[in-house]
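For reference, the structure is listed below as structure tokens.
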Amino acid sequence: MVRASVSVIIYIAIAVLVLLLISHSPKKPGNHRHRRLKLRSNFTFAPPLHHHNPIPFDPLVADIERRREDRKWEQQHFDHAFNASHDSAPAAESQPEWEDFMDAEDYLNNEDRFNVTNRLLLLFPKVDVDPADGFVTEDELTQWNLNQAQREVLHRTQRDMELHDKNSDGFVSFAEYQPPSWVQNADNSSFGYDMGWWKEEHFNASDANGDGLLNITEFNDFLHPADSKNLKLLKWLCKEEVRERDTDKDEKINFKEFFHGLFDLVRNYDEENHNSTHQSDDLMEFPARNLFAQLDKDGDGYLSDEEMLPIIGKIHPSEHYYAKQQADYIISQADTDKDGQLTLGEMIENPYVFYSAIFNDDEEEDYYHDEFRCGRVQNLCWFCYYLLIWN
């Protein structure tokens, strides 16, 4: 109880100091426009590519994007189930406040409704939890990003499960599962088709308890094997990687097949900040042979699917990898004093870093000097109120 009270006092003191500094700082002259927030429009039913979009830092923005995405998804899959007299989806009456706006972007750009400074004041103590010491570390920010990513992934999985669970029993059988339309319409040479991503072997590997059905956890693993803890599924992923890279079709990986493709993926994972310029094969062959020898446990000069297991997480990075990348980027941009962590003041002074995914890059860079100045008394009052509730 004492510790909780101390945390409240610390956060209130920090908030007061930050607000005083902002409210008394000299305003920058000139005509500075508010940089308009724009929601992302990256939803697609196309086959997955090796590209990972940043997860919104703010759960409220993520929720708005998910709901917009749901509408596009429903339009493609369920339009035929509703006649023209249906003006809204079921449970439309329970939609959040932003639904009152003609456009969700109008809500995000209405400062009385959505104020970025207020949002950061609200979110800071939710990120700063281990420990709650007034500083957001890389680990805390990574965990926050990971939680947001996992929530988004699970939401999409639940939506897909509703589509495939034909008898609505909470499970998906292989007979119920239908591959995406791009697979059904593809030939044997199309991306992803020959790897078996949508075949029964993949389904069975995802079935952790072997009952012939996928529950929500198993179905999530089926759709996102890189994030699975299911060893059987990870071994399947290794087998598929061998199948894709095995140019001479001997069902194993020789050094040449490893060196030209796989080694670069492992190296990129291990050295995120390495020089991206191409280095000669002669320079890279020595470390590649060392790694190959470490993986080749039986010393036969080849890598089997079992021997690929130690590096499969680097070939197919999990959400944690991307969450850490995003955390590193945010800290590199907002960490003014370069101490490797973020204060509330640094976050408020660099709001564009946390909302960069939805900022319109065509607007001026110095937007926030006027628009995000939070000298209002009610900001602090609401912040203190939430702190009291949480503690």
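The values are calculated or read from the model by the stated rules, or taken from the named source; none is laboratory data. Only a predicted model underlies this, so the values are computations on that prediction, with no experimental measurement involved. Keep in mind that these areas ignore ligands, DNA and RNA; they rest on the heavy atoms of the full protein, side chains included. Shrake-Rupley method; radii C 1.70, N 1.55, O 1.52, S 1.80 Å.
Quick notes
- If you sort the three axes of the alpha carbon gyration tensor as a ≥ b ≥ c, you get a/c of 1.5 or more for segment 296-359 and a/b above b/c, which makes it prolate.
- Sulfur and carbon atoms: percent of accessible area, segment 105-176 [1.4 Å]: 45 percent
- Exceedance of the 28 Å cut-off in Cα-Cα distance is limited, within the set K166/K252; K126/K324; K72/K235; K166/K239, to K166/K252; K72/K235; K166/K239.
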